[in-house]
Structures are given as structure tokens and as C-alpha cells.
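The values are calculated or read from the model by the stated rules, or taken from the named source; none is laboratory data. Keep in mind it's a predicted model, so treat the numbers as computed, not measured. No Cβ is skipped: glycine too gets one built from the backbone with ideal geometry, and neighbour counts run over all protein chains shown. Remember, those area values only see protein heavy atoms, side chains included, never the ligands or the DNA or RNA. Shrake-Rupley method; radii C 1.70, N 1.55, O 1.52, S 1.80 Å.
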Amino acid sequence: MAGASVHMQHLNSRVGVTMATATTPIDTQIGTRVQLPEKTRNSRVLVLGGTGRVGGSTAIALSKLCPDLQIVVGGRNREKGVNMVATLGRNSEFSEVDINNVKSLEAALKDVDLVVHAAGPFQQAEKCTVLEAALETKTAYVDVCDDTAYSQRAKSFKNSAIAANIPAITTGGIYPGVSNVMAAELVRAARSESKGTPERLRFYYYTAGTGGAGPTILATSFLLLGEEVVAFNKGEKIKLKPYSGMLEIDFGKGIGKKDVYLLNLPEVRSTHEVLGVPTVSARFGTSPFFWNWGMAIMTSLLPPELLRDRSKVQQMVELFDPVVRQVDSFAGERVSMRVDLECSDGRNTVGIFSHKRLSVSVGYAAAAFVMAILEGSTKPGVWFPEENEGIAIEARELLLERAAQGTFNFVMNKPSWMVETNPKELGLGIYV
């Protein structure tokens, strides 16, 4: 399989997208094509979950940005697969794949160069079957995992990936994923420009409704309510109640102030360990406001065991889905990420990424990671986005530009006062 040679392509010069610098707010445009290196220009990319909202969005973004790529839509529903292929047009095909069947997976991976695993939810998954199959067939790999346990399990295959000469990125979506790279750039800039040391890193996320991202996102939200929140306070790991610690955060133009709540997300642990920031936390909020209330009530009233049971959560999703779709129809699907870094010398910097449609933005985010691997920016091994071996430092700005296509507000390395942040202190003196 050709995937083993992907990492040999090195990003010697910036290619592809030209847009405003990320130091000022920008209103970016979708559709700028990317010229991949000749050796990987016609690569075959399998998108697992390609008939779903996230995977389908990724396939569409790849076909628009890199029309010479051969896109293989992987899924279990042939009818949906045929419809997606019709949407993609030339250079696309459907492959019927069951990710829980090793033989089915390996057969699908035999003639592709890179696989995108977007077949969530990742919560409570017991094995990294797609990653294992990718290593067995020597196929480059990206997943959009948003689960701490799964991402750490994926990382345990680093040495196997190095031995197989295969580049792999876990948590390579929008959040986590693009948000990790934003954090890495804030930390890098602070260490090169400031005399202080990075002390606090906070991730804030907002999505209107489900962001138009479908029932999988709803299932993910419910499953996360069953997990204790892990955060870090001055280097110490602390555990907090999910959907607690509400803060009102200003996400800037087009979004405004929104309430956000603690969730157990993988970028908290990975950025704490990789970037060496002692205090790290992540919060998420949605709208209309009663969804936040409902999530908080579910956390208080339902036993964690129920919220960690994938089959029972799926039943809940089927029950709530019609109502959620109706609310989504008027709530919209705007998405915003805000990453805040505070340093010991008082330096406070912020990154903001806002888009009108999560269902579109998530595809460009994942596609940006795919292109980085195809350009040789990722070394053999399994990496988080913020690791230099995952996305080379010199490739980060280009990745952010590509992921930010279509955003109406993309800001990096601005002082925090410019977005009027007013962080609050949680109870018991814990400041995370």
C-alpha cells in the first residue's frame, strides 16, 4: 500500500491557500484549491463514516480543495453512499465497510493511501480497530476522536506506527484538533516573545443547537455527561462534575457572550502534557439556553452508568432527535472556539475561530489535517495535533488558514482585553 511513503514528502515551501494573516480578524472564503506534491496528488483517501454529517463534510471539503484526490466514501448504508458519491462527482466511489469487522476494514484499506476515521461516537469504544487495521495495512491515518480514553489508547500505538513507518494523527478534527494547534501557536508565540511562562490555558467552545452535525454529535454529548471532568490546576490533576463551573464567555463578533460548562475533553490532558502548561480546562455551551439547562439536569438526575452505556444513549438519541432537529431549524449551527493563554508576566493572548456552519467547518478542519499528512508534515508515529511530530511548527499556520476557510472571525495572538473576557473563579478556590 502506498500510505507508507506519505511521510517522505516534506513541506519545503508554503503551498495552496493565500489569505489574510491570522493576527487580525478575517472573513475567509471557501473553495481555494490546494496543489499537493506530485507524489501524493492522486492519493486515494478513505473516509470512514463518509455517509454521516462529519465524514460527509470531510469528503466534500477534500474534493473541493484537492479535486485530484480519489475519495472513497466508507459506510454501511449503500444508498446513502451512492448519494454521497453523486454529490462528490468524479474521482469518488463507495465502499461498504463495517468498522467493527477486522476483515472488512483491512479489505477496504488495502488500496488506499490514507484513512480518515470519522465514524463516531468514540466514547466508550473498547478498541482502536481502525488504527490497528491502518497499521496492519500500512495506511496513513487521521481520526476526529473527541474522547480522552480513546485518544490515549491511540497514542499507545506510537511505537507500532513508527515501526510500520506510518504517520497518524488522533483528535484531528475541529475541537479537539484545530483548537489544539491554536493553543500550540499561542504557547509558542508566548515563549518566544515573553519573559513570562505560560500558566493557564483554557478552551471555550460554543455550538448553536447540534451545529447541524447530526445524531452522532448528540450521542457524544450525552456520553460525555457520564464522564468525570479531568482538569489541571497548577500541575495537579483534579476531577470535577460534568457540566458544572459555568462561565459567561465573550466569543467576539457574530457570537457574543455565551454560557459554557466543564466537559471532559482530550485536549485538556494532551496540551497539559505536550505544551507543559500547568493549568488547563475545557468548557462547552450550546443554545437555546434550555439545552444547557437540560444537560445540567441530566447530569444531576441520571446515573453516570446510564450515560456511559452506548446502547441506552442511542435510545435516548432516537427519542430526542426529532425535537433536536426542530430546534436546530431555528437555532442555526454557528460554531465558535476561543482559546485563552495567560502567562506569569501578565501577558494574556487569545485565539478565536467562528463559522456560520459547524457542518461545513468540521469538514475543512479534518481536511486540513489530511493535507498536512499528504504534504509530509507528520512523522511516523501516532501524534496529537499540538505535537511537533504531528504537525510541524512551520506547517501550523498553513493548517489554520485552510481550516479557517469560510470563517467570519478568525483571530490569533490578540490581547485578551480585545474580546472582553472576564474569567470567573470556581468554588472552593479552584481556578481552572
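Tell me which residues, restricted to the stretch 171-200, are aliphatic (A, V, I, L, M) and in contact with an Asp or Glu (Cβ under 7 Å, 6 or more places away or on another chain). Of everything in the stretch 171-200, those that are aliphatic (A, V, I, L, M) and in contact with an Asp or Glu (Cβ under 7 Å, 6 or more places away or on another chain) turn out to be 181, 183, 184. Does the stretch 374-393 contain at least one residue that is at pLDDT 95 or above, in a helix (DSSP H, G or I), buried (at least 23 other Cβ atoms within 10 Å of the Cβ) and among the aliphatic types (A, V, I, L, M)? Yes, there is a match, as at least one residue in the stretch 374-393 is at pLDDT 95 or above, in a helix (DSSP H, G or I), buried (at least 23 other Cβ atoms within 10 Å of the Cβ) and among the aliphatic types (A, V, I, L, M). Being surrounded by fewer than 24 Cβ atoms within 10 Å (Cβ to Cβ) and not in a strand (DSSP E or B) is the filter here; which residues of the stretch 347-373 pass it? Within the stretch 347-373, 347, 356, 359, 360 meet the criteria. So, residue 138, is that one open to solvent by 10 Å² or more (accessible area, probe 1.4 Å) and part of a loop (DSSP other than H, G, I, E, B) or not? The answer is yes for residue 138.
Within the stretch 141-154, being of a type in the set (D, E, K, R) and open to solvent by 40 Å² or more (accessible area, probe 1.4 Å) holds for one residue alone: 153. Counting residues in the stretch 87-107 that are in contact (Cβ under 8 Å) with a residue 40 or more places away in the chain and outside any strand (DSSP E or B) gives one or more.
Each residue in the stretch 264-289 was checked for being of a type in the set (S, T, N, Q) and open to solvent by 10 Å² or more (accessible area, probe 1.4 Å), and 3 of them qualify.
Listed here are the residues, each with its yes/no results for (1) open to solvent by 60 Å² or more (accessible area, probe 1.4 Å); (2) in a strand (DSSP E or B); (3) under 25 Å from residue 116 (Cα atoms).
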residue	(1), (2), (3)
259	no, yes, no
326	yes, no, no
337	no, yes, yes
341	no, yes, no
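Residues considered: 255, 249. Of these, the only one that is touching a strand residue (DSSP E or B) at 6+ places or on another chain (Cβ under 6 Å) and in a strand (DSSP E or B) is 249. For the stretch 290-303, a residue qualifies if it is open to solvent by 60 Å² or more (accessible area, probe 1.4 Å) and part of a helix (DSSP H, G or I), and the qualifying residues are 290, 293, 297, 300, 301. Look at the stretch 53-64: where a residue is farther than 19 Å from residue 35 by Cβ and a partner is open to solvent by less than 10 Å² (accessible area, probe 1.4 Å) and not small (Gly, Ala, Ser), sitting 6+ places away or on another chain with Cβ atoms under 6 Å, you get 55/47; 58/47; 58/116; 59/47; 59/71; 59/73.
Within the option set 349, 378, 407, being under 30 Å from residue 195 (Cβ atoms) and out of contact with any Cys (no Cβ under 6 Å at 6 or more places or on another chain) holds for one residue only, 349. Note on the stretch 110-123: among residues that are modelled with pLDDT under 95 and within 16 Å of residue 44 (Cα to Cα), the one that is surrounded by the fewest Cβ atoms within 10 Å (Cβ to Cβ) is 110.
Taken over the stretch 225-242, the residue count meeting the criterion of being touching a residue at least 12 places away in the same chain (Cβ under 8 Å) and open to solvent by 10 Å² or more (accessible area, probe 1.4 Å) is 11.
Of the candidates 321, 309, 250, the single residue that is within 21 Å of residue 356 (Cβ to Cβ) and among the charged types (D, E, K, R) is 250. Of the candidates 281, 311, the single residue that is of a type in the set (Gly, Ala, Ser) and either modelled with pLDDT under 85 or part of a loop (DSSP other than H, G, I, E, B) (or both) is 311.
The residues listed here are 126, 193, 106; of these, the one that is touching a helix residue (DSSP H, G or I) at 6+ places or on another chain (Cβ under 8 Å) and modelled with pLDDT under 95 is 106.
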